[in-house]
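Taken together, the values in this text are just the output of simple stated rules run on the coordinates, not laboratory data. Here the structure is a predicted model, which means the values were calculated and not measured. All Cβ positions, glycine included, derive from the backbone under ideal geometry; neighbour counts span all protein chains shown.
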Amino acid sequence: MLRSFAATDVGRKRKVNQDYVFRSEKPVGQLPNLFIVADGMGGHKAGDYASSFTTKAVVSEIEHSEYEGPIRIIRRAIEEANTQLIEEAMRSADRSGMGTTIVVATIIDDYLYVANVGDSRLYLVNDRITQITRDHSLVEEMVLAGKIDREEARVHPDKNIITRAIGAVSSIKVDVFDLSLQDGDKILMCTDGLSNMVADKDIRDIVDQGKDVEQITADLIQTANENGGRDNIGVVVVDPFAEK
């Protein structure tokens with residue numbers, strides 16, 4: 001039986017929460033469930049508007065989608081939401097240049113389908129932790145080029161510079177992934193307010209020790225804040241095979 005929980009926290013340094021999360025264990029359009037994490041960017045209140053607007057646009061597009069196949073449904077919804085956000089930004093000077101990351105996931109039978117733009121992440125957690133999404137960021141490019149390692153990337157001064165975002169360009173490239181799930185797997189979706197504050201191995205330990213998805217979510221946010229809480233924290237935890 002699938003169980004999930006989602007929460008955001010403003011953190012200890014920011015005044016505005018630009019992270020936005022969505023979860024539905026019930027069908028959304030043709031998809032049997034839907035989970036989203038977004039991390040907005042932009043001055044004034046443009047960042048929080050961008051993340052919430054984009055998430056709601058993606059949900060709406062999926063609800064009304066006539067496309068077939070989960071990946072195509074999700075990708076087209078993100079592409080359409082990107083167009084809508086750009087149009088929305090043009091209507092207000094205060095929102096000019098706003099953007100957001102996004103990770104979208106659904107589980108159908110024992111398969112996980114994922115799409116992402118930006119540096120918010122989806123992890124698969126079992127006896128180890130595996131990052132499924134790939135960050136669209138400057139430091140990720142440095143890691144792939146062999147210039148720095150993963151731990152250096154987590155604390156690098158340029159770690160917040162992303163190379164791809166919703167709202168940045170009209171023709172957005174969406175990365176997609178699919179993988180089979182097994183008993184014991186848990187899914188974690190998060191913004192960089194968690195992944196920059198808590199090392200992957202510590203995230204895995206927290207997920208492993210948690211009694212349920214709500215407690216895991218609370219423990220992850222608490223740990224990020226205890227480690228400095230320098231950014232907003234957005235978390236979605238999904239247990240596809242929770243006991244009834």
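Some values worked out for this structure:
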quantity	calculated
Computed [θ] at 222 nm, deg cm²/dmol, the chain (DSSP H ≥ 4; -39,500 (n - 2.57); rounded to nearest 500)	-10000 deg cm²/dmol
Selected from K45, K56, K147 as most flexible by GNM, with the chain as the system and alpha-carbon contacts under 10 Å	K147
Calculated FRET value between S92 and S171, using beta carbons and R₀ = 30 Å, to 0.05	0.85
Backbone N within the stretch 66-83 under 18 Å of label point (7 Å from I108 Cα along the Cβ vector)	66-79
Cα shape, the stretch 84-177, gyration tensor, a/c 1.5 rule	oblate
Label-point separation, K45 to D212 (7 Å along Cα→Cβ), nm	3.4 nm
Prolate/oblate/rounded label for the stretch 15-152 (Cα gyration tensor, a/c 1.5)	oblate
C-alpha center-to-center spacing [the stretch 174-244, the stretch 5-53] in angstrom	15 Å
E66, E88 arranged by Cβ crowding within 10 Å, fewest neighbours leading	E66, E88
Overall Cα dimensions of the stretch 1-54 - principal axes, largest extent first, Å	39, 22, 9
Pairs of lysine residues in the chain - Cα separation under 15 Å, sequence separation of 8 or more or cross-chain	5
Sites matching trypsin sites (Lys or Arg not before Pro) across the stretch 88-129 that sit in DSSP coil, with at most 13 neighbouring C-beta atoms within 10 Å	R91, R128
Cα gyration tensor shape of the stretch 3-239, rounded if a/c is under 1.5, else prolate or oblate by comparing a/b with b/c	rounded
Whole-number percent relative contact order across the chain, with pairs defined as alpha carbons under 8 Å at least 6 apart	27 percent
